[in-house]
Amino acid sequence: MLSVLVLALPTSLAAEPPAAADAWDRPFVLASYAAVRGGSYAAGGVGGRARWEPGRRIGLDLYLEATHVDTPGGFRHDYPNGFSIYTPLQVGRFRVLPYLGFCDVISLVEPTQPGAPRADDVLIGAHAGVGMEFAITPSWSAFAQGQLDAYAGHDRASGDWTGDVAESLTPFVTGQLNVGVQFHIAMAS
């Protein structure tokens, strides 16, 4: 009996648990993640996204983030949101997802000086990146992704008793790293 157990052990350990691969067969995903951004400005925060994969080689995700931006003379909080189209490349439990999309950032600057005017703006842009995912169970996966963002918006300042929003558009380029978990939802049969 011991020899049967020893002979059976290597094949059972080598086989990928079928439940983990099932995560990629579930077309709907909800995710939460931590986000950091650097480049034209530094920011950090949290995000969430909803994803749909209508086929094996294409997917769409919608996202919303809440970030704090280091800004002298005020408290700046940004709300990046947008969508990405991606193509998953899968090997077992692991996937790589190149993607691109469009986005905007609702950017609010609250001055620290009482009575000073606000300097709010909406930045419009596009992004491209690559993500990596690892299926943990049939319902959960972990991911990391890096992207490059290119925005157009207005230079702003708010401090003392003045606030200023420039008239011309200025380009902003940032790099972003997101790390989080995803919940995969199966379709009801």
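The values are calculated or read from the model by the stated rules, or taken from the named source; none is laboratory data. Only a predicted model underlies this, so the values are computations on that prediction, with no experimental measurement involved. Note that we place each Cβ from the backbone using ideal geometry, even for glycine, and neighbour counts take in every protein chain shown.
Considering region 133-148 alone, what residues qualify as being in a strand (DSSP E or B) and within 16 Å of Leu30 (Cα to Cα)? So that I can check it myself, show each step before the final result.
Within region 133-148, the subset in a strand (DSSP E or B) is 133-135, 140-148.
The answer is Glu133, Phe134, Ala135, Trp140, Ser141, Ala142, Phe143, Ala144, Gln145.
Reported count of residues in region 75-119, each being closer than 19 Å to Ile58 by Cβ and either outside any strand (DSSP E or B) or basic (Lys, Arg) (or both), is 3.
Restricted to region 74-100, and to residues there that are basic (Lys, Arg) and touching a Leu at 6+ places or on another chain (Cβ under 8 Å), the residue that is modelled with the highest pLDDT is Arg95.
Of all residue pairs spaced 6 or more apart or on separate chains, those with beta-carbon atoms under 6 Å, a first member in region 123-146 that is among the acidic types (Asp, Glu) and a second member that is assigned to a strand (DSSP E or B) are Glu133/Arg95; Glu133/Ser141; Glu133/Phe143.
Does region 38-52 hold any residues that are at pLDDT below 95 and either in a strand (DSSP E or B) or crowded, with 20+ Cβ neighbours inside 10 Å (or both), and which are they? Give the derivation first.
At the first step, the residues of region 38-52 found to be at pLDDT below 95 are 38-43.
Gly38, Gly39, Ala43 - these are the residues of region 38-52 that are at pLDDT below 95 and either in a strand (DSSP E or B) or crowded, with 20+ Cβ neighbours inside 10 Å (or both).
Just to be sure before I move on: is Ser158 modelled with pLDDT under 95 and buried (at least 19 other Cβ atoms within 10 Å of the Cβ) in the structure I sent? Against the criterion (modelled with pLDDT under 95 and buried (at least 19 other Cβ atoms within 10 Å of the Cβ)), Ser158 qualifies.
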